[in-house]
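Remarks on the structure that follows.
The values are calculated or read from the model by the stated rules, or taken from the named source; none is laboratory data. Because the structure is predicted, anything quoted here is derived from the model rather than measured. Because the Cβ atoms are built from the backbone with ideal geometry, glycine has one as well, and the counts that use them run over all protein chains shown. All accessible areas refer to the heavy atoms of the entire protein, side chains included, with ligands and DNA or RNA removed. Shrake-Rupley method; radii C 1.70, N 1.55, O 1.52, S 1.80 Å.
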Amino acid sequence: MTRLNRRAFARIFQTQNIHTQIIRQCIAIVALLFSCSASATAPERVISAGHSITELVLALGSGDSLIAVDSSTRLPADFKKVPVVGYYRQLPVEGLLAQNPQLLIGGEHMGPPNTLTLLENSGVKILQLPEAENGAQLLSNIDRLSAVLEKPAADIKQRVAAQLASLKQARAALGKPPRILFVRAQQGRGVKAAGTGTSPDSLIRLAGGVNAVEFAGYKQLSDEALLELRPDWILFSSDQAAQLKGGAALLEWQPLLKLTPAGKQSAFFSVDGYALLGGIGLASLDEAKKLNKKFAGQ
Amino acid sequence: MEFRLSDKSLLPTLVALLLIGSCVSLGIGAMTISWRDVLAGLMEWSWPGLLSVDVPEQYALVLGEIRLPRLLLGLIVGGTLGVCGAVLQGMFRNPLAEPGIIGISSGAAVGASIVLVFGSVLTGVLGAWMGGFFGKIQWLLLPAFASFGAIFATWLVYVLGDRGRSVVMMLLAGIAITALAGATLGMFAYVATDTALRDMTMWQLGSLSGATWTGVLVSGIIFAICGGLLWSRASDLNALLLGESEARHLGVDVVGLKRQIIVLNGIAMGAAVSVSGVIGFVGLVVPHIVRLLRGPDHRFLIPYSALLGGLLLTVADTIARSAFAPAEMPVGIVTALLGAPFFLFLLWQQRRQIF
């Protein structure tokens, strides 16, 4: 009897197993179909590394899918709280994977390479955008982002194009372009100027100025070189504005500056630091407009 | 209060702590993984489909490609730092000798920075010279340069310190080398591109986040060979503790011994430093703790320093990558924060018994 019972039980369990198997398979098929349709829609878990890129993600209306950002990003005050995953050049693999992202977007300097390889191996999609040096590159970045995020870009592109067109007109109206020097200064340690290939350089050209220095990257300037460069305007990042007392401190630290056109006119201007991160972004356009108005004497 | 333990209890304690530390390190991280899944994930990674365990594919990747190589690298680098510190202190017969303090780490940093800053030029020249073969050994460039820098700095300290006899000269030489290396690094920083500059800075802070299986394999093999060879000279190092002429009378080839130590130390430090950057304090603190616990006999000091160094760095790295998760901080900061107060405490307890 016991043997019979066992067999009966076994049969019952078997049949149950078959049933559960069928049910499971059905669920799996449904899930598969669902995941197929899900993969055809926009990525829902996005990490953005780099302020100017996060700006674009938000402008494209993908703020809801943003689940983490890097430490260089400043989010709008009313934005939901999201984790900060470290600096965009030193992203920790596990920290990113723990957020379970589908897509990681960042600039060309995002890294380290080891992190990106491991993320890709685990199935996270990665999009690296070049730092925009001009308006055309910004527009192409918007296109690539809108394709990946599957959000329409027409509105924002139209807005950017209009801003670029108005900047172009304003540049033409300036006549002779003013000579601009972008500095980072520290008391007693001289002045570093931004040369070609830097974000300030792109911003200066967008606003209609010429960069007073021609070297590449950030380099220390000698006092005498400052005279030689004859800048009409001296710009600095807003995070230095208090330290430089709106530019007055520069004249104290570098008395020779008083002999330059910019020093004579006290022609200093502080630029929003976030408009200078990662090339030309949306904030840079507004900032370029402001700068241009300054140059034009408005 | 007596800290010294018998060998019978110290070795099992160290091994047990190391095993516990390793397990905790594997279990903790930015991604929360349950203990069952840690085991299942490791199994699934090492032999997919052996046991039909149901574990998310991501866990297997995180454990096998991120946490496990990182843990092993921590053990290897920590072990290297511990052994190098112990052997250097023995050779210089000075408790202050530490890779960081006598300029070895700075030497390695200069070597590595040459590759980080002038990498493209170097690759071009060497590629033209060696042709296609160079592509295969290109990844060796950074470890090789770091090792050369480390060997050169150690050799300079050794020669200037009157072949290790003059402690004051040795420390002065170390300070001068550190200053010179600092100036050289500053010069590199000036000509470096923005990206190379950031790489340099990050590298000098020290981190295990770049752990790969290649790095583990290379530094592991080098550590095993150099560490083993150094350990084999333990009795000679013990004789050296008595003084140089006494060691010579006991039949130790003192000059040859020192030469070997410098080269082996340089290679081991270079390999460790090139995968992890500069990590301070482990090389100084670990041998001292072992000496306080077990006495200055190099036959025990060297292997125990390896174990304790590995343990300390693993614990530090676990803290570094989980304290501010999902972000990470450089492990060098944690080793200093952990090591220094503990070291001060031990010093206070054992003021008269150190060396």
Heavy-atom accessible area, 1.4 Å probe, ligands and nucleic acids excluded: residues of the stretch A:78-98 down by at least 30 Å² from chain alone: A:Y87, A:R89, A:Q90, A:P92, A:E94, A:L97, A:A98
In sequence order, what are the phi-derived ³J(HN,Hα) couplings for the stretch A:44-52 according to the Karplus relation 6.51 cos²θ - 1.76 cosθ + 1.60 with θ = phi - 60°, rounded to whole Hz, with x for glycine and proline? 9, 10, 10, 10, 10, 10, x, 4, 5
Please give the residues from the stretch B:289-333 for which the solvent-accessible area of heavy atoms, probe 1.4 Å, is smaller by at least 40 Å² with all protein chains in place than with the chain isolated. B:P326
I want the local charge near B:A211. Using Cβ-Cβ distances under 14 Å, sum +1 for each Lys or Arg and -1 for each Asp or Glu among the other residues. -1
How many square angstrom of accessible surface are buried between B and A, both sides summed, with a 1.4 Å probe and rounding to 100? 1800 Å²
Solvent-accessible area per residue for the protein assembly as shown at a 1.4 Å probe radius, Å²? 48 Å²
Excluding residues fewer than 8 places away in the same chain, name every one of the lysines whose C-alpha is closer than 22 Å to that of A:K290. A:K157, A:K168, A:K176, A:K245, A:K264
Of A:P261, A:P112, A:P76, which has the largest mean-square fluctuation in a 10 Å C-alpha GNM of chain A? A:P76
Counting residues in chain A as N, plug N into 2.2 N^0.38 Å and put the Cα Rg over that result. 1.43
Using a 7 Å offset from the Cα along the Cα-to-Cβ direction at both B:A16 and A:Q243, what is the distance between the two label points in nm, to one decimal? 5.3 nm
Using 17 Å as the cut-off for backbone N distance, which residues of the stretch B:154-188 belong to the label zone defined by a point 7 Å from the Cα of B:V255 along Cα→Cβ? B:155-156, B:158-166
Show which aspartates and glutamates lie in cross-link reach of A:K125 when reach means a straight Cα distance below 19 angstrom and same-chain residues fewer than eight apart are skipped. A:E44, A:D64, A:D70, A:E94, A:E108, A:D143, A:E150, B:E57, B:E65
Evaluate E = 1/(1 + (r/R0)^6) for B:L140 and B:V191, where r is the Cβ-Cβ distance and R0 equals 25 Å; express this FRET efficiency to the nearest 0.05. 0.55
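If you add up the charges near A:K294, with Lys and Arg at +1 and Asp and Glu at -1, over every other residue whose beta carbon is less than 11 angstrom from its beta carbon, what do you get?
Values: positive: A:K289, A:K290, A:K293; negative: A:D232, A:E287.
Around A:K294, the charge tally is +1.
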B:W47 versus B:L337, label points 7 Å from Cα toward the beta carbon: distance in nm? 4.1 nm
Could you name every residue in the stretch B:56-94 that has 50 Å² or more less accessible surface in the full protein assembly than in its own chain alone (probe 1.4 Å, ligands and nucleic acids excluded)? B:Q58, B:L61, B:I66
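Where does the longest stretch of chain A lie that holds no chymotrypsin sites (Phe, Trp or Tyr not before Pro) found in a DSSP loop with 13 or fewer other Cβ atoms within 10 Å? All intermediate terms of the calculation are to be shown ahead of the outcome.
Numbers: sites that count: A:F79, A:F215.
Longest gap between qualifying sites, sites excluded: A:80-214.
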Summarise the accessible area of chain A (1.4 Å probe, protein heavy atoms) by the percent that is carbon and sulfur. 55 percent
On a straight-distance basis, which aspartates and glutamates could pair with A:K294 in a cross-link, Cα separation under 13 angstrom, same-chain partners fewer than 8 positions away excluded? A:D232, A:D286
At R0 = 45 Å, FRET efficiency that the Cβ-Cβ distance of B:T214 and A:D78 yields, to 0.05: 0.45
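If you place +1 on the Cβ of every Lys and Arg, -1 on the Cβ of every Asp and Glu, and leave all else neutral, what size is the dipole of the protein assembly as shown about its Cα centre, to the nearest 20 Debye? Don't skip to the answer; put the middle values down first.
Details: 52 positive and 42 negative charges, 104 e Å.
So the dipole magnitude of the protein assembly as shown works out to roughly 500 debye.
Okay, helix-only estimate at 222 nm for the protein assembly as shown: each DSSP H run of n ≥ 4 adds -39500 (n - 2.57), divide by all residues, round to 500 deg cm²/dmol; what do you get?
Details: 27 runs with 404 residues, N = 653.
That calculation yields -20000 deg cm²/dmol at 222 nm.
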Amide H to amide H, which residues 5 or more places from A:L129 or on other chains are under 5 Å from it, using H placed in the peptide plane? A:G106, A:G107, A:E108
Within chain A, excluding any trypsin sites (Lys or Arg not before Pro) found in a DSSP loop (not H, G, I, E or B) and having at most 12 other Cβ atoms within 10 Å, the longest uninterrupted segment runs A:190-298
Extension gain (nm, one decimal) between A:K290 and A:N121, 0.36 nm per residue minus Cα-Cα: 56.4 nm
Excluding ligands, DNA and RNA, the carbon-plus-sulfur percentage of the accessible area of chain B with a 1.4 Å probe reads 72 percent
About its Cα centre, the stretch A:64-206 carries a charge dipole, from +1 on Lys and Arg Cβ atoms and -1 on Asp and Glu Cβ atoms, whose size in debye to the nearest 20 is 780 debye
Extension length gain for B:T201 and B:L180 (0.36 nm per residue less Cα distance), in nm, is 5.8 nm
Phi-based couplings in Hz for the stretch B:284-300 (Karplus 6.51, -1.76, 1.60; Gly and Pro marked x): 7, 6, 4, x, 5, 4, 4, 4, 5, 7, 10, x, x, 5, 5, 4, 9
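Using the Cα centre of chain A as the reference point, and only Cβ charges (+1 on K/R, -1 on D/E), how large is the resulting charge dipole? Debye, rounded to the nearest 20.
Numbers: 32 positive and 24 negative charges, 157 e Å.
In total the dipole reaches around 760 debye.
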